[in-house]
Structures are given as C-alpha cells and as structure tokens.
1. Could you please find all residues in the stretch 165-181 being over 15 Å from the mean Cα position of the chain (by Cα) and either open to solvent by 50 Å² or more (accessible area, probe 1.4 Å) or modelled with pLDDT of 85 or more (or both)?
2. Please go through the stretch 131-141 and give me each residue that is of a type in the set (A, V, I, L, M) and either surrounded by 16 or more Cβ atoms within 10 Å (Cβ to Cβ) or out of contact with any strand residue (DSSP E or B) (no Cβ under 9 Å at 6 or more places or on another chain) (or both), ordered by number.
3. Among the residues of the stretch 101-121 satisfying the criterion of being open to solvent by 30 Å² or more (accessible area, probe 1.4 Å) and in contact with a helix residue (DSSP H, G or I) (Cβ under 9 Å, 6 or more places away or on another chain), which is nearest to residue 151 (Cα to Cα)?
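The values are calculated or read from the model by the stated rules, or taken from the named source; none is laboratory data. Given the structure is predicted, the values throughout are model-derived calculations rather than measurements. Positions of Cβ are backbone-derived with ideal geometry, glycine not excepted, and every protein chain shown enters the neighbour counts. Note: areas computed on protein heavy atoms with side chains; ligands, DNA, RNA excluded. Shrake-Rupley method; radii C 1.70, N 1.55, O 1.52, S 1.80 Å.
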Amino acid sequence: EHQARDRWPFAYLPGSEVPDGSPVCYARLSQLQVAATLAAFDEEELMHFVALWFEGAQRLLGDSSRRRGDPVRGTYDVYDCADLSAWSFLSEVRAHRPAIKRIFAIGSEHFPDLLYKCYVLNAPTVAALVWRCVAPFMSEQAQAKVCISRGVPPELAEALGGEAAVRRMVALVSEEGEGVA
C-alpha cells in the first residue's frame, strides 16, 4: 500500500455499490490536509498515488461490469463537507492550486469517463457560490454530473437504495476511518 494512503480520506466502501453496480467513493473532506500532504510527499509521488487510485477505480468498474454482464455507468463520488472549515480548506487549496491542478489532471487526461455522478454533501454556502462561478466554464455534460447540496440530495439516497444506505455509508467511514483503497 502506498504511503500516501494514510493521508487520503477517500474510500470505495464495501457493499456501497448503487443498484446498477456502479461503485461509490466516499470522501470526508474535513480529513483532507492539503498542505501537510503536499509537504510530506513530492509531487511525483502524489501523482503516482493518484494514478494508482484511478486505476483501482477503473478495476472496480470492470469487476462490477463483468459480474453483472453489463457495463456500469461509472463511479458515484460523494464528497462530504461535514465538519469542514470551508475558509481554511479554500485557503489551502488556493495556496497550492498549481500542484493540485497538475496532480488531479491525471483523472481528466487519462480517466475522463470514470465519473458518472458527483455529490457534494453538507456543502457550505461558499461551495454553491464557487460552483456558480466555475460551472459556466464547464461543458453541460460535466455540469450535469455535479450535485451540490446542504444535506443529502434525494437523488443520492434513491441511487444508493434509501436513507438507511446513506447512513450506513457515512457510518462506515466514521467508524473505520476508511474503506477499500
């Protein structure tokens, strides 16, 4: 396992596939320490780790498609902003934006069709404001993949199989700290 895994609050949770077989990645953003992670690893190491992460997600999609005998649509990424200090987080991201952009460009360049839907839960007001500024520069297809909500959007609860499934997903990360790398 890569050393950066301990600093990566993202997890593909066991048993959290949506009914169509798409894997669900859950991230607790309050646990993401941008500056500390960038200080602990050089950019090349983090790029390697992120590439491995995306390859693992691609593998999960393939495994699920083979089990079902039908291709799945892509991943459902759930970013939970509960307990997130929005201003501190935005300040860290802004201070390290060039490195973050280079690291995460791996996803858009090499895994563009991996994401089916992105949900931002418990989003602070500033998230909606930032989204309104950024969205016009994105394709309509990319915009349609993103849902920002102050709570849990009904669409996500329905996709996961109900409110109880959402609570189980959140509890897995709360109790265990992580799911499947």
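1. If the condition is that a residue be over 15 Å from the mean Cα position of the chain (by Cα) and either open to solvent by 50 Å² or more (accessible area, probe 1.4 Å) or modelled with pLDDT of 85 or more (or both), then 167, 168, 174, 175, 176 are the ones that fit.
2. 134
3. Out of the qualifying residues, it is 115.
Condition check ((1) under 20 Å from residue 82 (Cα atoms); (2) at pLDDT 85 or above; (3) open to solvent by 40 Å² or more (accessible area, probe 1.4 Å)) across all residues:
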{"residue": "17", "(1), (2), (3)": "no, no, yes"}
{"residue": "24", "(1), (2), (3)": "yes, yes, no"}
{"residue": "27", "(1), (2), (3)": "yes, yes, no"}
{"residue": "50", "(1), (2), (3)": "no, yes, no"}
